[in-house]
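Only the coordinates and a few stated rules stand behind these numbers; no lab work does. These numbers come from a predicted model, not from an experiment. Cβ: placed from backbone, ideal geometry, glycine included. Neighbour counts: every protein chain shown.
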Amino acid sequence: MSRIGVFVCHCGENISRTVDVEQVAKAAGEIPGVAFSCDYKYMCSDPGQTLLKKAVAEHKLDGVLVAACSPRMHEKTFRKAAEAAGLNPYLCEMANIREHCSWVHEDRDMATAKAKDIVKLMVERVRKGKSLAPITVPVTKRALVIGGGIAGIQAALDIADAGHRVVLVEREPSIGGHMAQLSETFPTLDCSQCIMTPKMVDVANHPNITLFTYSEIEKVDGYIGNFQVTVKHKARSVDESKCTGCGICMTKCPKKKIPNEFDQGHGMRPAIYVPFPQAVPNTPVIDRENCTMFQSGKCGVCAKVCGPGAVDYEQKDTFTVEDVGAIVVATGFKLYTIDRKPEGSPIQGYGEFGYGTIPDIIDGMTFERLASASGPTGGKILRPSDGKEPKQVVFIQCVGSRAREKGISYCSKVCCMYTAKHTMLYHHKVHDGQAYVFFMDARTPGKGYDEFWRRAVEEEEAVYIRGMVSRMYQRGDKIVVMGSDIQVGVQVEIEADLVVLATAVQPQDGADLLAQKLGISYDKYNFYSEAHAKLKPVECATAGIYLAGACQGPKDIPDTVSQASAAAAKVMTLFAKDKLERDPVVAKVNEKYCVGCFACKKVCAYGAIEEKEIRDRQGNLIKKVAYVNPGVCGGCGTCQATCPSKSIELDGYTDEQIMAMIEAL
Amino acid sequence: MNAKANKNQVTCIEPDYYQAITEAIRKEAVKILKDETVVGVVGYLPGRRKGTASPALVTTVEEAEKLIFSPACVNNLSVYLTKAKKGVLKQGKVGIVAKGCDMRALAGLMTESQLQREDLFIIGVVCPGVYGFGVERTGTLTEANIARKCRECTVHMPEGADVAAGTHAELADLTPEEAQEMARIEAMPQAERWAFWKEHFSRCIRCMACRQVCPFCYCEQCLCDKNRPQAVESSPRPAGNMAWHLVRAMHLAGRCGGCAECERVCPMDIPLNLLNRRMAQELKELYDFEAGLTPVDKGPLNQYKEDDDQSFIK
């Protein structure tokens with residue numbers, strides 16, 4: 001006969017409000033094999049855990065059931081307590097009478113009856129449970145950082161400075177990301193390039209960092225501590241080991257009128273190019289779509305002028321496999337495409353704003369480039385259509401963001417601040433100009449942020465109009481902006497020379513595909529999901545993968561850098577151990593009865609199942625059976641559900657346990 | 001070889017058609033045994049009673065010369081590779097005589113890693129049909145004595161076999177009795193359908209012949225024999241019978257090759273192939289899957305595709 005202890009938690013009032021916990025404890029005490037039962041206000045508190053430990057010793061308990069919240073919340077807590085009391089931690093289970101019961105029911109009597117049932121069946125699971133020992137796996141102390149924006153750069157530098165090797169993979173030809181495009185940054189108005197480019201150089205020069213630009217993640221195998229990541233190195237058409245970065249190829253390239261992506265299409269670049277002069281690495285790449293050599297086979301100027309002979313038109317995509325122990329995902333954001341509805345997307349466009357048809361309606365990032373000293377206008381605010389200095393500029397906030405009817409209900413967080421910054425930059429550069437801002441709210445939490453915003457309004461003469469814009473159209477060389485001022489309650493019409501839209505922050509294209517490769521979850525907007533909104537903000541639910549920056553949600557630079565350093569700290573915590581202990585909830589094969597149909601192998605999402613040969617003493621093959629690599633097994637139980645002969649079972653969730661639970665009901 | 005194409009007339013396939021297949025099988029079997037391509041051939045020998053045939057493993061040229069094919073060759077021989085004569089494949093490559101429906105079983109077993117194509121020499125039979133059960137088993141094959149499954153056969157040509165024995169016979173359109181019966185059951189109100197199967201299953205004596213003869217029931221320990229924990233009650237009582245037949249049908253979903261051996265061997269005449277076919281129909285509708293003559297990488301229920309039909313989740 002077993003001696004199980006049942007501990008029923010009130011969870012303050014979370015459970016006891018709807019469930020009669022005393023009755024549940026009393027009923028549990030009457031189940032055969034339960035030697036002790038009690039209830040307590042906060043089981044997870046120190047006195048609660050002490051109560052549990054004492055009861056194990058006093059009543060010689062051989063199994064523990066805590067009826068409280070979800071095991072995701074406190075299973076570890078109570079298993080530790082049980083272990084401290086001398087029990088095998090896996091003989092401690094939790095019955096979820098909060099999320100599964102008190103929180104979802106109102107009728108006290110019925111909720112109490114349900115709680116009793118949950119306890120009853122979980123007692124059976126404890127009774128049939130077995131002692132398990134944790135699995136240890138080695139840790140490869142080398143990290144992969146995906147994305148070379150400020151988030152990826154910060155994370156890579158922090159990990160590398162701690163003495164661990166880092167592989168930084170960037171999709172574009174240069175690292176730097178969006179921060180390299182910005183002019184000046186709020187709330188201190190320091191030059192973005194001045195603080196960004198030294199960090200980029202640090203990355204390039206760091207002995208612990210291997211930098212792969214113009215590369216993408218092809219495939220991810222393995223598990224925490226032991227990932228094998230296949231990286232695709234896209235063909236640059238320039239040999240990085242030979243190129244000296246002299247730039248003569250770019251000056252001699254006959255095709256020079258290609259809109260530069262870095263300048264949001266407002267500057268021009270040649271077909272062989274580096275995105276911007278401070279690019280790291282300073283190795284050009286050939287844009288094959290626009291290169292005459294690739295399109296017609298006639299040109300070859302860059303190869304002729306290249307001294308070291310680095311230009312290679314025959315270069316092919318190559319692949320390498322990187323062994324890493326941890327992955328930091330820092331893929332960043334893109335700005336909302338506002339002119340039309342993207343294909344297959346639930347998001348509606350803003351056709352009524354005329355973006356894309358009226359050249360002087362631009363987005364915030366384009367304004368950054370116009371205001372930037374390294375931009376297409378050399379830092380002068382000149383409008384794209386005729387190159388004249390705009391005297392009236394209208395800024396519109398929340399374009400796309402906070403517009404449920406358009407498909408995005410979240411706040412993009414950075415627009416209030418950068419619009420205030422734009423009005424200031426504009427005022428600094430065009431002294432006789434006037435900035436108007438249409439806004440819903442000004443959201444300025446953050447150190448020095450509200451002061452910054454007030455300065456824009458009070459000292460820099462920006463006119464803030466609370467209300468939204470309904471329509472914009474071209475009249476002569478002006479743009480007529482029609483909107484409403486809801487504070488005064490009148491319709492407003494402004495003749496603007498330039499309109500700047502603060503468009504929503506969205507995850508990068510392909511964020512969902514990368515998430516599928518990594519096996520991490522993402523929300524309906526394709527932002528990556530953290531494991532816990534409050535307590536695990538940089539971890540993914542998939543062990544060994546961490547998040548940094550705007551790929552997890554809209555963020556400004558200070559928040560991004562903080563999160564990147566936090567993710568780096570998590571990686572260092574992981575790398576502080578030589579071996580990892582893993583939960584032993586993994587599948588095991590009954591080799592006697594396995595017939596080797598390998599249905600389990602076909603359905604295993606983790607690739608944990610291998611074929612194993614069983615041979616007799618003479619070495620003759622008897623049969624092939626399935627074998628589960630315990631380091632790789634994720635403990636999902638799909639194999640158990642699939643096996644036709646029930647020859648594979650998940651420890652802690654055996655058929656015997658499940659059947660006993662069903663029969664208890 | 002004078003099958004009649006007119007469906008208003010009774011089908012009649014003369015014995016000399018089968019004789020031609022017999023000759024072809026013998027020739028091929030003798031050849032592959034002589035040149036040691038195979039260590040043995042699984043085929044049919046004449047039964048002791050007239051009009052019967054019995055499965056056999058022949059290993060000599062003399063025996064191979066006695067192999068036959070007749071409408072009495074009803075058995076699906078693939079079980080002789082995995083269950084009945086399991087050791088034989090360890091000796092070397094084996095030849096097997098296979099009708100179209102048996103070929104589907106072989107393909108399924110290859111999909112499930114139970115057989116390797118390179119270990120087999122398949123003598124495919126261009127089969128016009130075999131006898132049904134409980135019928136006169138002599139002389140010509142007619143609409144009166146052809147097996148129910150053969151009326152709707154789509155695999156007369158054993159494509160993918162190493163050699164094909166026989167030539168394509170012109171076959172008459174036969175009444176699809178099985179399809180009609182399925183439609184009849186489908187049209188029943190749910191309660192009536194439930195009662196129909198309940199009545200059939202209640203007669204089951206749990207002799208497990210359906211399991212023993214099934215090429216796909218190759219587990220060394222059947223789930224239904226497991227007693228710790230027990231999933232299915234083992235004695236022949238209604239609840240356990242129902243559970244067994246549901247488990248059997250579910251385990252065959254997406255795998256069953258439609259040889260209908262389970263139905264043939266059932267001493268209680270439970271129409272088991274109707275269940276199998278209903279599951280196959282479900283798989284066709286949901287995942288556009290049909291058991292074919294060649295192995296696949298993953299069966300329909302062992303893979304996930306983004307565009308999988310999810311409508312059954314309610």
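Annotations
- Anisotropy class of the protein assembly as shown from Cα gyration tensor, a/c 1.5 cut: prolate
- Global form of segment B:177-301, assessed from the alpha-carbon gyration tensor, a/c cut-off 1.5: oblate
- Seen against the Cα atoms of chain A and their longest principal axis, helix A:108-127 is set at about 70 degrees.
- Amide H partners (placed H, <5 Å) of residue A:407, local residues excluded: A:348
- Whichever lysines have a C-alpha closer than 17 Å to that of residue B:90, once near sequence neighbours (fewer than 8 apart) are set aside: A:623, A:624
- Of all lysines in the structure, the ones whose alpha carbon falls short of 19 Å from that of residue B:34, not counting any fewer than 8 places away in one chain, are B:66, B:93.
- Applied to segment A:480-487, the Karplus parametrisation 6.51 cos²θ - 1.76 cosθ + 1.60 on θ = phi - 60° returns per-residue 3J(HN,Hα) values of 8, 9, 10, x, 10, 9, 6, 6 Hz, with x for Gly and Pro.
- The trypsin sites (Lys or Arg not before Pro) found in segment A:431-506 that occupy coil by DSSP, while having at most 14 further C-beta atoms within 10 Å, are A:447.
- For segment A:72-186: rounded, prolate or oblate by the Cα gyration tensor [a/c cutoff 1.5]: oblate
- Cβ-Cβ FRET estimate between residue A:451 and residue B:297, R0 fixed at 56 Å, reported to 0.05: 0.30
- Here segment A:228-252 and segment A:1-19 have alpha carbon centers that stand 64 Å from each other.
- The coefficient of translational diffusion for segment B:231-310, derived via Stokes-Einstein from the alpha carbon Kirkwood radius under 4 °C and 1.567 mPa s, stands at 92 µm²/s.
- Where labels lie 7 Å past Cα in the beta-carbon direction, separation of residue A:477 and residue A:659 in nm: 8.7 nm
- Taking every Cα-Cα distance in segment B:12-165 and sorting them into 10 Å bins starting at zero, the pair-distance distribution P(r) comes out as 12, 43, 35, 10, 0 percent.
- Selection of chymotrypsin sites (Phe, Trp or Tyr not before Pro), segment A:1-72, meeting DSSP coil and at most 16 other Cβ within 10 Å: A:42
- GluC sites (Glu not before Pro) lying in DSSP loop within segment B:18-51, provided at most 15 other Cβ fall within 10 Å: B:36
- Sequence-distant residues sharing a close amide H with residue A:539 (under 5 Å, placed H): A:531, A:532, A:547
- Mean ellipticity per residue at 222 nm, deg cm²/dmol - from DSSP H runs of n ≥ 4 across chain A, formula -39500 (n - 2.57): -8000 deg cm²/dmol
- Percent RCO, i.e. relative contact order, over chain A, from Cα pairs under 8 Å lying at least 6 residues apart: 13 percent
- Backbone phi angles across segment A:55-72, fed through the Karplus curve with coefficients 6.51, -1.76 and 1.60 (θ = phi - 60°), yield HN-Hα couplings of 4, 4, 6, 5, 9, 6, 6, 10, x, 10, 10, 9, 8, 8, 8, 5, x, 4 Hz in residue order; Gly and Pro are listed as x.
- With a Förster radius of 56 Å applied to the C-beta separation of residue B:144 and residue A:2, the computed FRET efficiency comes to 0.25.
- A compact globular protein would have a Cα radius of gyration near 2.2 N^0.38 Å; the ratio found for segment A:4-127 is 0.93.
- With each label modelled as a point 7 angstrom along the Cα→C-beta vector, the residue B:308-residue A:46 pair spans 5.0 nm.
- DSSP beta bridges fully contained in the protein assembly as shown are about 50 percent antiparallel.
- Taking chymotrypsin sites (Phe, Trp or Tyr not before Pro) in DSSP loop states with no more than 14 other Cβ atoms inside 10 Å as exposed sites, chain B has its longest site-free stretch at B:1-303.
- Over 16 Å [Cα-Cα, segment A:248-305], rounded percent: 39 percent
- Close amide-amide hydrogen proximity is noted between residue A:184 and A:192, each under 5 Å apart and 5 or more residues distant or on a separate chain (H modeled in the peptide plane; Pro and chain starts excluded).
- Karplus-derived 3J(HN,Hα), 6.51/-1.76/1.60, for each residue of segment A:146-163, Hz, glycine and proline x: 9, x, x, x, 4, 5, x, 5, 4, 4, 4, 5, 4, 5, 5, 5, 6, x
- Equivalent ellipsoid, segment A:587-664 (semi-axes from 5 times Cα gyration tensor eigenvalues, Å): 24, 15, 10
- Kyte-Doolittle at least -0.5, axis length at least 24 Å by Cα - qualifying DSSP helices, chain B: B:15-34
- Reachable lysines, given that their alpha-carbon falls under 22 Å from the alpha-carbon of residue B:305 and they are not under 8 places away in the same chain: A:219, A:517, A:524, A:601, A:602, B:284, B:314
- Taken as Cα centroids, segment B:101-139 and segment A:77-146 sit 51 Å apart, rounded to the nearest whole angstrom.
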